[in-house]
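Visitor: This is the structure I have questions about; it appears just below.
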Amino acid sequence: SASVKVVVNPLVFMPNAFTPNGDGKNDRFHPVAKGYIFVRYFEIYNRFGQQVFSAIGPRALEGWDGSYNGKPVELGTYYYHINIETESVGTIYLKGDVIVVR
């Protein structure tokens with residue numbers, strides 16, 4: 001017999017697209033979690049490496065509204081880094097991309 005340990009992070013999901021168009025559906029990009037989480041940091045960058053969003057704690061859970069300096073960002077792909085503390089798994093670090101669609 002043998003055993004294999006597989007580590008998965010099913011507690012936190014990051015969508016791969018959102019539509020910040022004001023219709024009340026998918027208007028913000030944020031982590032979707034089951035159970036308690038605390039966001040240590042949440043950063044989003046454009047394709048040139050310019051930071052367009054940064055937040056910690058409760059503000060990070062509200063998410064990004066698809067704007068930078070009060071103006072809507074261009075359609076396209078943006079990149080995120082997020083560090084989350086959970087009760088059951090401990091620290092989760094996620095990075096990836098999200099598509100802004102209007």
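Derivation of every value follows stated rules applied to the coordinates shown; laboratory data play no part. Everything numeric in this text was worked out from a predicted model, so none of it was measured. Virtual Cβ from ideal backbone geometry, glycine too; neighbours counted across all protein chains shown.
Visitor: In percent, what relative contact order does the chain have, based on Cα pairs under 8 Å that are 6 or more apart in sequence?
Guide: Relative contact order of the chain: 29 percent.
Visitor: List the residues, sorted by chain then number, that are 5 or more residues from residue 68 or on another chain and whose placed amide H is less than 5 Å from its amide H.
Guide: Hits under the 5 Å cutoff: 73.
Visitor: State to the nearest 20 debye the size of the charge dipole of the stretch 37-102 about its Cα centre, where the only charges are +1 on K and R beta carbons and -1 on D and E beta carbons.
Guide: 200
Visitor: Just the number, please: Stokes-Einstein D of the chain in µm²/s, Kirkwood Rh from C-alpha pairs, 25 °C, 0.890 mPa s.
Guide: Rounded, D is 170 µm²/s.
Visitor: With N set to the residue count of the stretch 48-102, report its C-alpha Rg divided by 2.2 N^0.38 Å to two decimal places.
Guide: Values: Rg = 12.8 Å, N = 55, 2.2 N^0.38 = 10.1 Å.
So the Cα radius of gyration is 1.27 times the expected 2.2 N^0.38 Å.
Visitor: How long is the gain from residue 62 to residue 102 if the chain were fully straight, where each residue apart is worth 0.36 nm and the alpha carbon distance is subtracted?
Guide: Numbers: separation 40, 0.36 × 40 = 14.40 nm, distance 1.92 nm.
My answer for the length gained is 12.5 nm.
Visitor: Among the trypsin sites (Lys or Arg not before Pro) in the stretch 16-45, which ones are in a DSSP loop with at most 15 other Cβ atoms within 10 Å of the Cβ? Mind listing them?
Guide: Loop-located and lightly packed - 25, 28, 34.
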